[in-house]
Amino acid sequence: MTGMMGGFIRRYPMPLTFLGLFAAMWLVQAVLLPPAAQRAVIAWTSTNLANLAVDPVGTMVASAFVAEGSQGALLVVAVLGLFPMVRRFGNARAVLLVAVSHVVGTLISQGIAFVRLQAGLLSDSVRTISDVGPSYVLCAALVAAILYGHGLIRRLLAFAAWAALLPFLFDGLFSLEVAAVGHLVAMLSGALVGGVLLLHERRRVSGVPSAARPVADAIEAAEAKAAHAVREVQDSLKPGPAPSEA
């Protein structure tokens, strides 16, 4: 039993790490922080224009592990999206897929808000809106699992989760609300990046044409960085040596 559990942990470090960090943050928010501190954390980690101008990388990383509510449902969705995606692409490529989708979804949705602000279509309060949660990550993971996942049951479960969330994910899309735009962009990014990874995988097996070599090199470099991050997580999960007896 222990061996099976160890094998499962080594096979899925990416989704397990994400679930662990998100659940830990949920526990901190729900148990340890008073309401005022909870609001401060949400304000600090929101991927709004004000925070992105100061610390874009830290803000985008932290925001994926903080939510304003429905954490239990988000954990279920994460299981249905992340595990099939990792099963299909592997941990390193899964990290690459959701990271690109999260970043692109954030930058485009906030970029549209900035343009509308400059045009006088939005009030200055849009700079400090609350915008936290793993929804961009999960949107990309669900779409990738639906389109490219292995196994009909896994794909149907991912589709069921996606369909159940659809009315909430696209609420306000036609008025270009930040969250709705970000969800759409993250889904499209997940589909596109997943397709590129799949194409790269097939070309690597059959041989890559010289014209496509720069793209393949860029993908391999990104995969190498993601794989290094995954290996660091795997190493941190390995038990240390037993203490020697005196």
> When VAL132 is evaluated against the numbered criteria (1) in a helix (DSSP H, G or I); (2) within 30 Å of ARG11 (Cβ to Cβ); (3) out of contact with any Gly (no Cβ under 9 Å at 6 or more places or on another chain), which criterion, by number, is the only one it fails?
Replying inline: (1)
>> Cβ-Cβ under 6 Å, sequence separation 6+ or interchain: first residue in region 13-28 and in contact (Cβ under 8 Å) with a residue 24 or more places away in the chain, partner polar (S, T, N, Q). Which pairs?
In response: PRO13/ASN91; PRO13/GLN234; MET14/ASN91; TRP26/GLN71
>> Condition first: farther than 19 Å from VAL98 by Cα and at pLDDT 65 or above. Now tell me which residues in region 171-225 satisfy that.
In response: ASP171, GLY172, LEU173, PHE174, SER175, LEU176, GLU177, ARG202, ARG203, ARG204, VAL205, SER206
> Is it the case that ARG155 is among the charged types (D, E, K, R), in a helix (DSSP H, G or I) and in contact with a Pro (Cβ under 9 Å, 6 or more places away or on another chain)?
Replying inline: yes
>> Looking at VAL95, VAL103, VAL115 in this structure, which one is in a helix (DSSP H, G or I), within 10 Å of the chain's Cα centre (by Cα), within 30 Å of ARG39 (Cα to Cα) and free of Cβ contacts under 8 Å to residues at least 60 places away in the same chain?
In response: VAL103
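Residues checked against (1) assigned to a helix (DSSP H, G or I); (2) closer than 19 Å to VAL103 by Cβ:
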| residue | (1), (2) |
| --- | --- |
| GLY7 | yes, no |
| LEU16 | yes, no |
| GLY20 | yes, no |
| ALA23 | yes, no |
| VAL28 | yes, no |
| THR47 | no, yes |
| ALA53 | yes, yes |
| ALA67 | no, yes |
| VAL77 | yes, no |
> Which residues, taken from region 96-120, are modelled with pLDDT of 95 or more, more than 15 Å from LEU49 (Cα to Cα) and surrounded by fewer than 14 Cβ atoms within 10 Å (Cβ to Cβ)?
Replying inline: none
> Considering only region 1-28, how many residues are out of contact with any Pro (no Cβ under 9 Å at 6 or more places or on another chain), crowded, with 17+ Cβ neighbours inside 10 Å and either of a type in the set (Phe, Trp, Tyr) or at pLDDT below 90 (or both)?
Replying inline: 2
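So, of the residues in region 163-179 that are surrounded by 15 or more Cβ atoms within 10 Å (Cβ to Cβ) and free of Cβ contacts under 8 Å to residues at least 24 places away in the same chain, which turns out to be farthest from ARG116 (Cα to Cα)? Don't jump to the end; show me each part of the working.
Going residue by residue through region 163-179, those that are surrounded by 15 or more Cβ atoms within 10 Å (Cβ to Cβ) are 165, 169-170, 176-179.
After this cut, where a residue has to be free of Cβ contacts under 8 Å to residues at least 24 places away in the same chain as well, the list is 170, 177.
Details: PHE170: 19, GLU177: 11 Å.
Once the filter is applied, the top-ranked residue is PHE170.
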>> So for region 136-151 (the condition being more than 18 Å from the chain's Cα centre (by Cα) and surrounded by fewer than 24 Cβ atoms within 10 Å (Cβ to Cβ)), does at least one residue qualify?
In response: yes
>> Being closer than 14 Å to PHE22 by Cα and in contact (Cβ under 8 Å) with a residue 60 or more places away in the chain is the filter here; which residues of region 43-61 pass it?
In response: THR45
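Residues being of a type outside the set (A, V, I, L, M) and under 9 Å from ALA141 (Cα atoms): count how many of those fall in region 62-82.
Filtering region 62-82 for residues of a type outside the set (A, V, I, L, M) gives 63, 65, 68-72, 81.
Imposing the further condition that a residue be under 9 Å from ALA141 (Cα atoms) reduces the set to 81.
Residues that pass the stated criteria total 1.
The values are calculated or read from the model by the stated rules, or taken from the named source; none is laboratory data. This one's a predicted model, so the numbers in the text were calculated from it and none came from an experiment. Here Cβ is always computed from backbone atoms with ideal geometry, including for glycine, and neighbour counts include all displayed protein chains.
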